[in-house]
Amino acid sequence: MQIASQYDVALTIQEYGKKSQIEGVEKIPLKLNVDDGGNFAEVFRMQNGEVSGLQKPFPVAQVSFSVMMPDVVKAFHIHKTQEDLWFVPPTHRLLVNLHDLREGSSSFDVHERLVLGGGTAMILRIPNGVAHGAKNCYDQPMYLFYATTTQFNSDAPDEYRLPWDHFGSEVWDLQKG
């Protein structure tokens, strides 16, 4: 089939191949059990204070819950010692951006972008030194549950901020087309 030239020049092909990955970031798919009564998923199992099923130990020191209002961006921040485990319920959806700031890492300066929730159940492990943040691109509040390896200390927070658009404001735009 011949495509008219004025349209042919604008055509692109969406990338479906493997995307860049940041060293130490784990994406653990969870089994989402669905029946006519609703959904059920185990978020994580614990043994001796650590989350089971991860590549390396994750001792849980705190579990928190955040509500993100429509069109809010909470980014970018890093932790120098703390690691995070994020979970967005399958009935919710957040756009997540990660950027590896760890000098010497095999993925130094790699940027990753993904969606949590959106009909799937997954845990996202964010190592210390990886800048991260999320955006609610939708018109209703969205939920984020997260576990951390340290407890929050308001007198000496392990939370270092970059501007929300440090890696470009377009990283927070929904991909259209």
Cα-projected label distance for N153 with A10, points at 7 Å along beta-carbon direction, nm:
5.7 nm
I'd like to check one number: the per residue accessible area of segment 18-177, probe 1.4 Å, reported in Å² as a whole number.
57 Å²
Give me the percent relative contact order of the chain, please, defined on Cα pairs under 8 angstrom at least 6 residues apart.
30 percent
Between N48 and K80, the FRET efficiency computed from the C-beta separation at R0 = 22 Å comes out, to the nearest 0.05, as 0.30
Area accessible to solvent at F167, 1.4 Å probe radius, in Å²
40 Å²
Ordering of 61-70, 131-140 by packing [mean C-beta count within 10 Å, highest first]:
131-140, 61-70
Percent of alpha-carbon pairs separated by more than 18 Å within segment 113-177:
53 percent
Area of W164 that stays accessible when all protein chains are in place (1.4 Å probe, Å², to 10)
120 Å²
Multiply the residue separation of V34 and S64 by 0.36 nm, subtract the distance between their alpha-carbon atoms, and state the gained length in nm to one decimal.
8.2 nm
Looking at the P(r) of the chain, how many percent of alpha-carbon pairs lie beyond 20 Å?
59 percent
With all protein chains present, how much of the accessible area of the chain (probe radius 1.4 Å) comes from carbon and sulfur, to the nearest whole percent?
51 percent
Among V63, L11, L94, flag the residue with its Cα farthest along the positive direction of the charge dipole of the chain, charges on Cβ as +1 for Lys/Arg and -1 for Asp/Glu.
V63
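Which value in Å is the Kirkwood Rh of segment 17-117 over different Cα pairs?
About 16.0 Å, per the Kirkwood formula over Cα pairs.
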Restricting to DSSP H runs of at least four residues, report the calculated mean residue ellipticity at 222 nm for the chain, -39500 (n - 2.57) per run over all residues, nearest 500 deg cm²/dmol.
-500 deg cm²/dmol
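The values are calculated or read from the model by the stated rules, or taken from the named source; none is laboratory data. The model shown is predicted, which means the values in this text are computed figures rather than measured ones. Quick reminder, even Gly has a Cβ in these numbers, built from the backbone with ideal geometry, and neighbours come from all protein chains shown. Areas reflect the complete protein model, heavy atoms only, side chains present, ligands, DNA and RNA absent. Shrake-Rupley method; radii C 1.70, N 1.55, O 1.52, S 1.80 Å.
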